Amino acid sequence: MKPSLPQNDPNAQQRSDYINQQRQAYHFDYDFLSPLALSKELPAIENLSVDYIAERLLATAELPVNMLAVKARSFLDPLDDLQDYEDFFPVLPLPAIAKTYQTDRAFAEQRLSGANPMVLRLLDPADPRAQILAQLPSFKFFNLPKELQENNIYIADYTGTDPSYLGPSKVQGGTYEKGRKYLPKPRAFFHWRWTGIRDRGEMVPLAIQLDTNRESHVYTPSDPPLDWLFAKLCVQVADANHHEMCSHLALTHLVMEPFAIVTARQLAENHPLSLLLRPHFRFMLANSHLARARLINPGGPVDGLLAGSLAESLELARDAYTNWSLDGFSFPAELKNRGMDDVNQLPHYPYRDDGLLLWNAIHTFVTGFINYFYPTNDVIAEDIELQSWAAELASEKGGRVKGMPAQIDTAQQLIEIVTTVIFTCGPQHSAVNYPQDYYMSFAANMPLAAYRDIPAAEEAIGEAYILKMLPPHQRAAEQLQILFTLSAYHYDRLGYYDKSYQELYNKCFKEVFEGGPIEILVQQFQQELNIAEQKIDANNKKRVIPYISLKPSLVLNSISI
């Protein structure tokens, strides 16, 4: 079966019959999480393969042994001290963050290269939130106006006043066996200090504002150590909930699902764009259906472990989707929107620096692929399947993808769309999925909920208070289980298509890759990714905490887990 555009295919009727058959198999569900367009049922071809299931079970084989050892104590018992959280890893390797998570350096670095490096943004000098810092007595020797003007002040805001999606009214808190859960909604301020690690400079925390129903209090590093640790843990709880429901679920899984559905419904099996995209959708719909059945179901991990009720947590995902658009969340645009794109202004931002290496490699590959099949814009206009693909993605009766044009006029327009889709399914999802094990399976670093409300400003905070705030034994064990399971298995490798193509398109495989310009493009893509890996390895030798989440050899093609 030779790759072909519809205007060049001599088997037009066969092609039409195939598409009609696909439209009977793939349908939209607008009811599960309105207004999102999700997959209504799972076509048989989208099911997990036997090999996938076996490999995934093998990758998590150590987990049951680890959890049996953990069960030695009652799940409802409170923990005696913070060190006890290390005891959840009798067999599995203890994440290195367990030894540093209480430090300011580890706390600040997680904003730049942690599980959720998509919240921190530059604070504009005119932003009224800067007044929170200006009113602090401890800042009388800190030249705040100068630092603001020189773009050295950053903010991670979880109150709902900027695109963090955590509005105060969204999450009032869920319940568990012994009471309520809480979601702090802090603002955390950071300073890029130009002297620091190896004269490179470093990000340091300045202050954390915590609001309660009664008052607002600002904590700083000069406060008693346990008070300051408590404030940092409140940020970690907020960041964990933002990560799971916004950065991870909404902005990778949910926003990409319409592309898999519409590609199946509108493009013939041998359409070049289908052949390019399908490996990047491999097992995505199957995992989405599994998530609805086992993760975001009543009584499931999201309901039980995150701070809000299930309905409140899903509302966070809905808000994130509502604020997302295809054009506004291309990787370079998203960095620019947060003021995080300038390497001279912020020289250390591993998520940006490694991510751009992968974005550029994907963009170059996609450019060559699209230009090969669409040498002129007239060819784009004549491709009725491509135009139907775009129209259904943009339609309110179709994929409801904001920022998606209903008509594609130029090859460059298509290149930007496809690059964003591949990057989101591959590097972006890997960047938020795989750090869950390192940063979040150790519950004391990133608790998924707080189990005690923010105290009054005059209330003393000791280790006993912090332990009551952190997840109890059963919840910490469940957090480890689910996040390790989501992070343990790698199905394939970005840019290496043999595994997914041979399973799905053995008839097309030789036509697509063996011999000719497409094979050369793929080889060049792999070379670019290998060069990117070498650069990342070299950069990691200079970083205090190596960042491996965007190493090409560890990045998947698709949202396959």
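When you scan the range 259-275, do you find a residue that is acidic (Asp, Glu) and assigned to a helix (DSSP H, G or I), even just one? Looking for residues that are acidic (Asp, Glu) and assigned to a helix (DSSP H, G or I), one finds none in the range 259-275, hence no.
Candidates 383, 378: the one that is buried (at least 22 other Cβ atoms within 10 Å of the Cβ) and more than 24 Å from residue 359 (Cα to Cα) is 383. Within the option set 277, 285, 249, being open to solvent by 10 Å² or more (accessible area, probe 1.4 Å) and not β-branched (Val, Ile, Thr) holds for one residue only, 249. Could you list, in sequence order, all residues of the range 250-298 that are free of Cβ contacts under 8 Å to residues at least 60 places away in the same chain and in contact with an Asp or Glu (Cβ under 9 Å, 6 or more places away or on another chain)? Residues satisfying the conditions are 274, 296, 297.
In this entry, residue 344 is excluded by the filter for residues that are more than 23 Å from the chain's Cα centre (by Cα), polar (S, T, N, Q), surrounded by fewer than 19 Cβ atoms within 10 Å (Cβ to Cβ) and assigned to a helix (DSSP H, G or I). A search for C-beta distances below 8 Å between a residue of the range 374-391 that is free of Cβ contacts under 8 Å to residues at least 40 places away in the same chain and any residue that is among the hydroxyl-bearing types (Ser, Thr, Tyr), counting only pairs 6+ apart in sequence or on different chains, returns 377/410; 380/374; 380/410.
The test for being more than 18 Å from the chain's Cα centre (by Cα) and touching a residue at least 12 places away in the same chain (Cβ under 8 Å) holds for residue 369.
Looking across the range 170-183, just one residue is part of a loop (DSSP other than H, G, I, E, B), at pLDDT 90 or above and out of contact with any Ser or Thr (no Cβ under 9 Å at 6 or more places or on another chain), and that is 183. Applying a threshold of 6 Å to beta carbon distances and a minimum spacing of six or more residues, or different chains, the list of pairs starting in the range 139-150 at a residue that is open to solvent by 50 Å² or more (accessible area, probe 1.4 Å) and ending at one that is assigned to a loop (DSSP other than H, G, I, E, B) reads 149/125. Within the range 367-417, the set of residues being touching a strand residue (DSSP E or B) at 6+ places or on another chain (Cβ under 8 Å) and in a helix (DSSP H, G or I) is empty. Would you pick out the residues in the range 452-474 that are at pLDDT 95 or above and either in contact with an Asp or Glu (Cβ under 6 Å, 6 or more places away or on another chain) or open to solvent by 20 Å² or more (accessible area, probe 1.4 Å) (or both)? Selection gives nothing.
With respect to (1) closer than 19 Å to residue 421 by Cβ; (2) surrounded by fewer than 24 Cβ atoms within 10 Å (Cβ to Cβ); (3) of a type in the set (A, V, I, L, M, F, W, C), the lone exception for residue 290 is condition (1).
Among all residues of the range 465-474, there is none that is free of Cβ contacts under 8 Å to residues at least 40 places away in the same chain, part of a helix (DSSP H, G or I) and within 16 Å of residue 231 (Cα to Cα).
For the range 20-32, does any single residue satisfy the condition of being under 25 Å from the mean Cα position of the chain (by Cα), closer than 21 Å to residue 481 by Cα, modelled with pLDDT of 90 or more and among the hydrophobic types (A, V, I, L, M, F, W, C)? No, every residue in the range 20-32 fails to be under 25 Å from the mean Cα position of the chain (by Cα), closer than 21 Å to residue 481 by Cα, modelled with pLDDT of 90 or more and among the hydrophobic types (A, V, I, L, M, F, W, C).
Looking at 344, 360, can you tell me which residue is farther than 23 Å from residue 548 by Cβ and either in contact with a His (Cβ under 9 Å, 6 or more places away or on another chain) or among the polar types (S, T, N, Q) (or both)? Sole residue among the options that is farther than 23 Å from residue 548 by Cβ and either in contact with a His (Cβ under 9 Å, 6 or more places away or on another chain) or among the polar types (S, T, N, Q) (or both): 344.
All told, residue 479 meets the bar of being of a type outside the set (A, V, I, L, M, F, W, C), part of a helix (DSSP H, G or I) and open to solvent by less than 10 Å² (accessible area, probe 1.4 Å). Scoring residue 354 on the criteria (1) of a type in the set (D, E, K, R); (2) part of a helix (DSSP H, G or I); (3) open to solvent by 10 Å² or more (accessible area, probe 1.4 Å) leaves a single failure, condition (3).
To keep it simple, each residue is scored yes or no on (1) closer than 23 Å to residue 98 by Cα; (2) modelled with pLDDT of 90 or more; (3) out of contact with any Pro (no Cβ under 7 Å at 6 or more places or on another chain); (4) of a type in the set (Phe, Trp, Tyr).
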residue: 139; (1), (2), (3), (4): no, no, yes, yes
residue: 154; (1), (2), (3), (4): no, yes, yes, yes
residue: 168; (1), (2), (3), (4): no, no, yes, no
residue: 208; (1), (2), (3), (4): yes, yes, no, no
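The values are calculated or read from the model by the stated rules, or taken from the named source; none is laboratory data. Because the structure is a prediction, the values reported are computed rather than measured. Every residue, glycine as well, gets a Cβ built from its backbone with ideal geometry; the counts of neighbours run over all protein chains shown. Calculation scope for accessible area: heavy atoms of the full protein, side chains included, ligands and nucleic acids excluded. Shrake-Rupley method; radii C 1.70, N 1.55, O 1.52, S 1.80 Å.
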